[in-house]
Structure formats: structure tokens, C-alpha cells
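Following: one structure in C-alpha cells, then a few remarks.
The values are calculated or read from the model by the stated rules, or taken from the named source; none is laboratory data. From a predicted model like this one, the values you see are computed outputs, not experimental measurements. Here the Cβ is made from the backbone with ideal geometry for all residues, glycine too, and neighbour counts use every protein chain on show.
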2 protein chains.
Amino acid sequence: MHIGEFGLALALPEGDKLLFTLFVMFVAAKLAAEIFERLKQPAVAGEILAGVIIGPSVLALVAPSELTGALSEIGVIFLLFLVGLETKPADIFRVGARAMLVAVLGVIVPFVFGYAVMLAWGQTQIEAIFVGAAMVATSVGITARVLGQMGLLSLETSRIILGAAVIDDILGLLILGVVSSLAKGGVNYAEISVTAALAVGFTLLIIFVGARAVNRIRPRVEKLRVGQSYLVFGFSLCLGLALVATYIGVAAIIGAFLAGMALAESAEDTDMPHQAEAVTEFLLPFFLVNIGMQLKLDAFLNRSAIVLAIVVTILAVLSKLIGCGAAAWPLGRKKAMQIGMGMVPRGEVGIVVAQIGLSLNAVDAAAYGVVLFMAVATTLIAPPFLARLFKDEQRVDQEPVVPITPIS
Amino acid sequence: MHIGEFGLALALPEGDKLLFTLFVMFVAAKLAAEIFERLKQPAVAGEILAGVIIGPSVLALVAPSELTGALSEIGVIFLLFLVGLETKPADIFRVGARAMLVAVLGVIVPFVFGYAVMLAWGQTQIEAIFVGAAMVATSVGITARVLGQMGLLSLETSRIILGAAVIDDILGLLILGVVSSLAKGGVNYAEISVTAALAVGFTLLIIFVGARAVNRIRPRVEKLRVGQSYLVFGFSLCLGLALVATYIGVAAIIGAFLAGMALAESAEDTDMPHQAEAVTEFLLPFFLVNIGMQLKLDAFLNRSAIVLAIVVTILAVLSKLIGCGAAAWPLGRKKAMQIGMGMVPRGEVGIVVAQIGLSLNAVDAAAYGVVLFMAVATTLIAPPFLARLFKDEQRVDQEPVVPITPIS
């Protein structure tokens, strides 16, 4: 008998579509990761490329759907939760001012570059603004995964990148608010100010009060009868703050990251980081593959669109390198490059901005294709460069209390 | 910014529907589990009841959807994978003959009872056959979870239940094949024989050759460069065999269970059971809550339907107790009762049979509602009785190499 999706399809000897999707995505991701590791390239890039290959652009084995989107979102939420678990609030305070500068310049330069090139290309003003807004985005998950696999999340540069990504997301939210209002007619500054205040307030509240609140609640949580109560509490906090973040308008991953950070200190002596890692190990490939699957090569039938996509991608890389790099310049050239490159991937965040633009009729299908290409390409390009820029660093992350896998 | 489902919804300060669903289902399940634990009732029953309460029948906070169905399926697949990891093929051989008898009588008696009561109630022949087929089903996940939480999966009785559930699924598959063909017109015995041969062959192949094949492949898997290669291999095998199972027509959970069993010996000295447990801990609540959410109380507006639903549920419990109990009688009355009760939950498997009947127009909405009620009710009723029947047994399961949670 066949469980299916509790759906009505009579599927005796037909195979389960859900399982087919899961199996193909997971195995393709891991095969590609293996090949990339052997080529001494970061596994992350391989997993995204696997998505391009099995997705609609090439083999069309699997297409992006509500389901792959959902798994993808849960995957990246767990990744950021895990990264948060390894990041104490104090680690971020210490680099707060630098992270702020990196975020601000990393917003201004890409926006200006994106806006200018689209206008120069003869696109409409509103289209230029939306492409600029998409270039502001940072998909911190990609960089976090690369650095995490290298054991480098505790580096000062890694922490600046994480802090800057959080701030970048809030700034991006505000820009998107302004831009969306422009597309609809007028800008409601009062509404946008409220959103800004909520986003900043939420983030600061969790950073400043979260860890203390968690420490206070912990003894009560541990007294609960439900199995694995502290882990259950951790998962609930992760989902809960991710949800609250979306009500405010911040990305769900920011909420998950803050939840992890609130738990970081108290979970250190528990098995939670290790358990969250197991969940991430299962779910993250769906996130990476799903990004690759977004690529739509059929939007590039004319040469002008191809050239524009490549130009926009190059500018997307350069603008973060220049903006964030300049902000980090006092730390030395190498760190500046590391931080700049860490902010390059646009991934799912850039895609969402483009989708909003499309839904508001502010960008047409061609410009949407260009942004999609830029989002996927920056996400593919950054990991190999990151691996190179960070290759001389010593592993600094604490091993979890429990060894990751005794045998491999 | 907001990831959403990479969808087109403009969702600035609106909140993410996916995360709302996840959060409500997870937290409701765990709150109910806590309450049930305090009442000295099994958490499983609480989690299913949470589904009834937050589902369409009562609060309507969340409705069953493709997404909840998908999460549910992944959750129960991981559960059975985990159970398989704790079950070596030899454990099942040893009880094979007894399990076979339990399965066969556990199929015949419920089918006859279900068929007879529906005919006596004045329903059509084909409807009676479908209700009989739905009463054959066993949702082994529920029993496995209860016994697993009590640390009793290695008991002889637990192993008989697991073995019988696998055989029950194959028998149920064949019955469903015959019944579906009847509903469509004629029975194609050649096709059903092929299905039977495939299902039995697949199961025996994995049981007899699986573990050896895994042991032989292991050194090569461990040499792979991809991170956590053995865990990745385990997840892939789980998804892969679950998928193959559905192509044959067997339940995906049977494939996942067989994958776990093939890995049981070789994974013993690794962290895989512990990691699979973390994933299960996150995903299983969605399975349990989703079962509860299926209940549709609005089908019970007339008294006759209510009475029939209750009668069918009582017969569903009695028929497994009598059928499986009789088969296990030589082991003593207590074990016979334990085994009979272990086979009582119909859960998702019964629901799928009813859905197939509905899609073939073989059962009407009222009969469908009755089966749904029976499936959810047996799943809710069994855990408290199981907990009572097994309460004097000593915990026998090996603790995983790595402690489950150091702190709680």
C-alpha cells in the first residue's frame, strides 16, 4: 500500500512523486558535492550546479514547486539556526560597528551599480530600481555553509560577514518597502518607519535579552516530561522566531539565526548543535538544489539578454567586493577581500526581490530572467573564491561536544 | 525580506504561511505530548489528538494539505528507518514464522468483520469489501514509536509486531489490488501475481542480501570526500529503497524500514542512529498531527453514521486482538494481547485505502467518513493500552553509542 501524500491519486505500481523528488534532489546534490570535493572545489557550488542540471533548464527531472520551495526554506532555516548556535551575541557585538559599515556600503554600491547599468541599457526607471534592490541582497547561507565546512565560523571575518548579513537584510527590507510602494504609486513613509523600527527592535531585543531569557527558562524546560525537552524547545524557538521575523518582514533565516544565537551559550554543553546539524545535513541539499533549479535558460534566447545578464553578474560581484571591501579595508587587504566575497552570493534573497518585482509588474520577464541568472551565478561563483581566500586560515571552530561521525 | 516559498505572494508584513503551519503543528504536538506524559499517557496519542484539535474539525488553525502530507510522509519514513536501524535481519528471521501467522490471521479476521458489518448495515457489496480492506491495514509507525519511547523495540513481541506489519503490508497490497480491480470491472490475476512476486522478492532480497552488500560497500563509502559520507549514504539508501518500494506498490515505510535493517549492523558503531533520531524528532510530529487533522467530524451529522463509525471502530480493535492474538496465543496470554494491540492502529494506511475507494467511487462520502474515523480512532486508542500492556517490561534497547541528550 502506498501512503502518497494522503492524496487521492491511485498509485499502485506508479512510484511516489514526493519520494522521487526527494531522492533525485538529495542524491544529485551529494554526487555533485563529491565531484566538487575531488576537484578541490567547495561542495556547495556542486550542489547548486546539481540543481541547474536536474532542473528545468537541462534534464528536467525535477521542477521547482511549492514542495521543493518548502523543503528549501526549512533547510536554510536550519542552517542559519545551526550557525546561530555557534555564534554568541558577544561575538557579534564586538564586530558590530565594522559589520554595520560593511552592510551600509554593501547596500549603497550594488544598488547604484545595478540602477545605473539598467538605465544605461535603456530599461525603465522602476525596472532599474528593482534590479538595484535585488543586487543589494545577501544570501548569507551560502557563505556560512562554506565557512562552516572549513571550520572557520568563529573567525573575526566570518562574524563580520554574519553581522553584516543581518543588517543587510534589514536595510534590504526597507529598500524593498520603498521600492514596492513606488511601484504601486506612492511611498508611505510612516509605514516604512514602523517596519524599520520593528525590525531593528526585534533584532536588538533577541540579541540583548534572548540569551538571558533562555538561560532563565532552561531549568523549567529540562523539567518537562516530554522526550528530549530541551531539543524540542530549541526547535520550537527556531520555528517561532523565524515566524515572528516574517510577520515583521525580516527574512525567516534572520529569526532562525537569532534563535540559534539566543541558545548558543546554554546549548554548548548539550547535544543540540550536533542534533541540529543532523537535521541540516538532511535538509540543506534541498535548499542548494532548489536555488540551482530556479535558473531559466530559455529566457536567454536573444544575445542582448545574455550580455546584460553577464554584465549584471560581473557588476554584482564587483559592487559587493568594492562596497564591503572598502568598509573592511582597515582590517587589511586580505580580510577586506574575504568579507567582500562573503557578501557576494545573492541566492534566494535576490530571487525573492525579483519575484516581487514581477508580481508588481515592475520588471518584465526578460529583466526577471537577468536577475535570476545573476542570483544563481553569484551564488555559484562565490564559493570557489571563498575557499581560495580562506584556504590559509586555521580551523578555529570548536568541535561539538559529541564527535560528528566517529567513523568517517 | 521574505523567502516565502519562492512564491509570488507579496508578503511584506504578512507572515509566512509555511512557517505558521510548521510552528503551530510542532508546538501543538509537543504541548499535547507534555500534557499526556503528565497524565501518564503515551505522548503519541497526545500528538495525534493535537492534530484533531488544531485541524479542520475543531480550531481550523491548519488544514491537511500537500505540504503537511509531504512532511508527514517524510516523518514516518524516518521513523521506520530509525526503527530499522535498531533491528537486525536475524532478529526478524527468528520470529518469522510467528510473524507470518500473526499477519495472516490479522488480515483475515478484520477483513471478514469489516465486510460482514457493512453488509449487515445494508451497504453495497463493493463498499463492504473496501471497508474490509481498510480494516486489514496496520500503521506500524504508531506502535513502533510507543515501544521505541519505552525502550522496548528489542523485545521478542516488538519484533513479531514489526515482522507481522511488513507481511501485513504486502498482504494488504494484494488485497487492495484485487479489490481495486473488482471496483474497476475485472480482476487481472496475472498482474496481481507479478506484484506479489515483486513485493516478496524485494523484501527478501533486502533482508538476505542488504546487510552484506552494505558491509561490502562501506569502506568505499567512507573513503568518499563528501562530508559525513556514511550518513549521506544512509539517508540516500533510506530514500532510495522507500522510492523503490512505492514503484513495486509496497508502502514507502517498508522500504525505509528495510534500508534501516540493512544498515543496522554496520551503523551500530557509528553516529547514524543518533543522527536519524534527531531528524525523526523534528519530522515525526508532522506525521502524528497530520493523522489527527484527517478527522472530519462534519461527516457525522446523522446518528446512524455515528453509530456505524463506533461499531466499526470497536470491530477494528477486536478483530486485530482476536486474529493476531489467536496467532500469538502459544506465547501466552499477555504476549498475545501485546501483539494484538500492537497491530490495532490503522492510521495513514487505512486512510489511504479509504481514499482509493473514494477515488474509484467504490465508497461514498459517508462510508469514507466512517473509515476515516476508524483509522484515527484506532490510532488514538491503541497507545494507552499498549503502554499499559507493556508497562511491566524492562527497557531492553541498547542506548545508542552517543547519549541521546546529555542534559535532559
Options B:Ala278, B:Ala309: the member that is closer than 30 Å to B:Ser65 by Cβ and free of Cβ contacts under 8 Å to residues at least 12 places away in the same chain = B:Ala278
Taking the stretch A:273-287, which residues are hydrophobic (A, V, I, L, M, F, W, C) and at the interface with chain B (Cβ under 8 Å from one of its Cβ atoms)?
-> A:Ala276, A:Ala278, A:Val279, A:Phe282
Number of the condition not met by B:Leu67 [criteria: (1) within 7 Å of chain A (Cβ to nearest Cβ); (2) touching a helix residue (DSSP H, G or I) at 6+ places or on another chain (Cβ under 6 Å); (3) modelled with pLDDT under 85] | (3)
Residues of the stretch B:326-364 classified as small (Gly, Ala, Ser) and more than 20 Å from the chain's Cα centre (by Cα), total | 7
When A:Leu119 is run through (1) among the aliphatic types (A, V, I, L, M); (2) touching a helix residue (DSSP H, G or I) at 6+ places or on another chain (Cβ under 8 Å); (3) without any contact (Cβ under 8 Å) to a residue 12 or more places away in the chain; (4) within 21 Å of A:Gly260 (Cα to Cα), the failure sits at (4)
From the list A:Gly186, A:Gly132, which one is farther than 21 Å from A:Ala262 by Cα, out of contact with any helix residue (DSSP H, G or I) (no Cβ under 8 Å at 6 or more places or on another chain) and not aliphatic (A, V, I, L, M)?
-> A:Gly186
A:Leu80 at pLDDT 85 or above, part of a helix (DSSP H, G or I), more than 12 Å from chain B (Cβ to nearest Cβ) and out of contact with any Asp or Glu (no Cβ under 8 Å at 6 or more places or on another chain) = no
Would you say B:Val112 is of a type outside the set (Gly, Ala, Ser), more than 28 Å from A:Leu283 (Cβ to Cβ) and assigned to a helix (DSSP H, G or I)?
-> yes
For residues that are small (Gly, Ala, Ser) and either at pLDDT below 90 or out of contact with any helix residue (DSSP H, G or I) (no Cβ under 7 Å at 6 or more places or on another chain) (or both), scanning just the stretch A:47-62, find the one that is surrounded by the most Cβ atoms within 10 Å (Cβ to Cβ).
-> A:Ser57
Flagged pairs (Cβ under 6 angstrom, 6 or more apart or on separate chains; first in the stretch B:181-193, within 15 Å of B:Phe130 (Cα to Cα); second among the small types (Gly, Ala, Ser) and part of a loop (DSSP other than H, G, I, E, B)) are B:Ala183/B:Ala362
Would the stretch B:345-359 turn up any residue that is of a type in the set (A, V, I, L, M, F, W, C), in a helix (DSSP H, G or I) and closer than 22 Å to B:Ala90 by Cα?
-> no
Based on what the data block shows, is A:Gly141 within 19 Å of A:Phe287 (Cα to Cα), in contact with a Phe, Trp or Tyr (Cβ under 8 Å, 6 or more places away or on another chain), part of a helix (DSSP H, G or I) and in contact (Cβ under 8 Å) with a residue 24 or more places away in the chain?
-> yes
How many residues are of a type outside the set (Val, Ile, Thr), crowded, with 22+ Cβ neighbours inside 10 Å and within 18 Å of B:Val371 (Cα to Cα) if we restrict to the stretch B:97-127?
-> 7
Sole residue being facing chain B (nearest Cβ under 7 Å), farther than 27 Å from B:Ala33 by Cα and out of contact with any Cys (no Cβ under 9 Å at 6 or more places or on another chain), chosen from A:Gly240, A:Gly227, A:Gly249, A:Gly292 = A:Gly249
Filter the stretch B:13-59 for residues that are over 19 Å from A:Ser229 (Cβ atoms), in contact with a Lys or Arg (Cβ under 8 Å, 6 or more places away or on another chain) and not polar (S, T, N, Q) and give the result.
-> B:Pro56
Going by the conditions given, is B:Ala33 farther than 24 Å from B:Leu321 by Cβ, within 10 Å of chain A (Cβ to nearest Cβ) and part of a helix (DSSP H, G or I)?
-> yes
Given the stretch A:188-301, what helices (runs of 4 or more DSSP H) lie entirely inside it while holding 1 or more residues that are in contact with a Gly (Cβ under 7 Å, 6 or more places away or on another chain) and either modelled with pLDDT under 90 or buried (at least 22 other Cβ atoms within 10 Å of the Cβ) (or both)?
-> A:189-205, A:229-248, A:252-267, A:272-293
Condition broken by B:Thr21, with the remaining ones in (1) surrounded by fewer than 24 Cβ atoms within 10 Å (Cβ to Cβ); (2) modelled with pLDDT under 90 satisfied | (2)
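Residue-wise test of (1) under 23 Å from A:Gly51 (Cβ atoms); (2) among the hydrophobic types (A, V, I, L, M, F, W, C); (3) touching a Lys or Arg at 6+ places or on another chain (Cβ under 6 Å).
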position: A:Val221; (1), (2), (3): no, yes, no
position: A:Thr246; (1), (2), (3): no, no, no
position: A:Ala252; (1), (2), (3): yes, yes, no
position: A:Gly260; (1), (2), (3): no, no, no
position: A:Phe287; (1), (2), (3): yes, yes, no
position: A:Leu297; (1), (2), (3): yes, yes, no
Being of a type in the set (Asp, Glu) and within 22 Å of B:Ile192 (Cβ to Cβ) is the filter here, so list the residues in the stretch B:145-176 that pass it.
-> B:Asp168, B:Asp169
